[in-house]
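Below is one structure, written out as structure tokens; the observations come after it.
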Amino acid sequence: MNKTCKIHHLYHSGCSIEVDNSLLVFDYYLDSANERSIEQGVISAAKLKSKDQVYVFVSHSHQDHFNPVIFDWEKYNSNTKYILSSDVPAKEKNNYYSLNKYEELTLDNLHLKSYGTTDQGVSFLVEIADFTIYHSGDLNWWHWKKFSPAERKQEEKEFKEELAKLAGKDIDIAFVPVDPRLEEHFYLAGEYFAQEIQPQLIVPIHFRDNYHITTEFADKINHLSSAVARITKKGEKILFNKQVKT
């Protein structure tokens with residue numbers, strides 16, 4: 001049987017995934033010119049209302065990964081659940097789940113495990129409706145030119161050690177940083193991820209308005225087995241198909 005999930009690039013590291021009648025939103029930052037607008041972007045009041053379940057993930061509290069406007073969404077759908085890194089400021093509520101790294105959580109038909117990053121917060125491995133999805137948050141190979149050789153080596157070591165914890169996972173969709181601020185080293189994390197984990201699809205994140213970097217990355221690793229989404233604009237739609245056993 002063929003199953004399809006619909007992915008939308010929102011902005012920067014933000015993305016949404018629709019599968020069956022559930023909506024998953026990761027690291028929402030901006031979705032339109034007006035960050036408070038619920039009608040101009042992909043995430044609309046009508047879309048929230050139409051879903052059986054809404055799951056909202058925040059990998060950490062950095063401003064480019066966390067917009068408190070997400071907490072308004074539960075008024076449109078009472079079946080909205082928030083899965084938050086423990087550093088994200090939030091009131092204690094029954095539908096808010098705060099996680100440190102290497103914790104597991106099952107909600108409805110969704111199972112997830114949090115992993116670490118090479119910056120703040122967590123990353124997420126999510127299983128839902130026959131799909132396995134990984135969102136890196138700020139897990140990246142931060143090869144900054146301003147770092148000393150020893151610091152660069154330490155960044156590489158920490159990235160590879162964290163990624164090794166995903167070894168053997170059969171990941172369908174992976175959201176992986178391709179940050180252009182790293183200049184010619186932007187591709188390191190994504191290439192290593194593709195080599196070691198071999199997800200079916202890599203969706204680039206963490207590039208703000210630098211959409212050209214997604215094509216550069218796709219061309220850079222076209223010798224590897226993972227497909228790469230080439231993203232050209234906010235709201236880009238990506239369809240992912242998977243053959244599943246019945």
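The values are calculated or read from the model by the stated rules, or taken from the named source; none is laboratory data. Just so it is clear, the model here is predicted, and its values are computed rather than measured. For neighbour counting, all protein chains shown are included, and Cβ atoms are generated from backbone atoms with ideal geometry for every residue, glycine included.
Among the residues of the range 144-169, those identified as part of a loop (DSSP other than H, G, I, E, B) and either of a type in the set (Lys, Arg) or in contact with a strand residue (DSSP E or B) (Cβ under 6 Å, 6 or more places away or on another chain) (or both) are 145, 146, 165, 169. All conditions but one from (1) at pLDDT 95 or above; (2) within 19 Å of the chain's Cα centre (by Cα); (3) of a type in the set (Asp, Glu) apply to residue 31; the one that does not is (1). Residues in the range 24-50 that are touching a helix residue (DSSP H, G or I) at 6+ places or on another chain (Cβ under 7 Å) and outside any loop (DSSP other than H, G, I, E, B): 48 only.
Rundown of residues vs (1) over 24 Å from residue 123 (Cα atoms); (2) out of contact with any helix residue (DSSP H, G or I) (no Cβ under 8 Å at 6 or more places or on another chain); (3) modelled with pLDDT of 95 or more; (4) of a type in the set (A, V, I, L, M), yes/no style:
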site: 5; (1), (2), (3), (4): no, yes, yes, no
site: 17; (1), (2), (3), (4): no, yes, yes, yes
site: 52; (1), (2), (3), (4): yes, yes, yes, no
site: 56; (1), (2), (3), (4): no, no, yes, yes
site: 60; (1), (2), (3), (4): no, yes, yes, no
site: 71; (1), (2), (3), (4): no, yes, yes, no
site: 80; (1), (2), (3), (4): no, no, yes, no
site: 90; (1), (2), (3), (4): no, no, no, yes
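When the residues of the range 168-190 are filtered to those that are in contact with a Lys or Arg (Cβ under 7 Å, 6 or more places away or on another chain) and of a type outside the set (Phe, Trp, Tyr), the one that is nearest to residue 133 (Cα to Cα) is 172.
Which residue out of 208, 181 is outside any helix (DSSP H, G or I) and surrounded by fewer than 17 Cβ atoms within 10 Å (Cβ to Cβ)? After ruling out the rest, the residue left standing is 208. Looking at the range 114-148 only, could you name the residues that are buried (at least 20 other Cβ atoms within 10 Å of the Cβ) and of a type in the set (D, E, K, R)? The answer is 138, and nothing else.
Search the range 88-115 for residues being part of a strand (DSSP E or B) and of a type in the set (Gly, Ala, Ser), and hand back the single one that is farthest from residue 131 (Cα to Cα). Step through it out loud before you land on a result.
Residues of the range 88-115 that are part of a strand (DSSP E or B), as a first pass: 96-99, 104-107, 110-115.
Now restrict to residues that are of a type in the set (Gly, Ala, Ser): 98, 114.
Working: 98: 23, 114: 16 Å.
The qualifying residue farthest from residue 131 (Cα to Cα) is 98.
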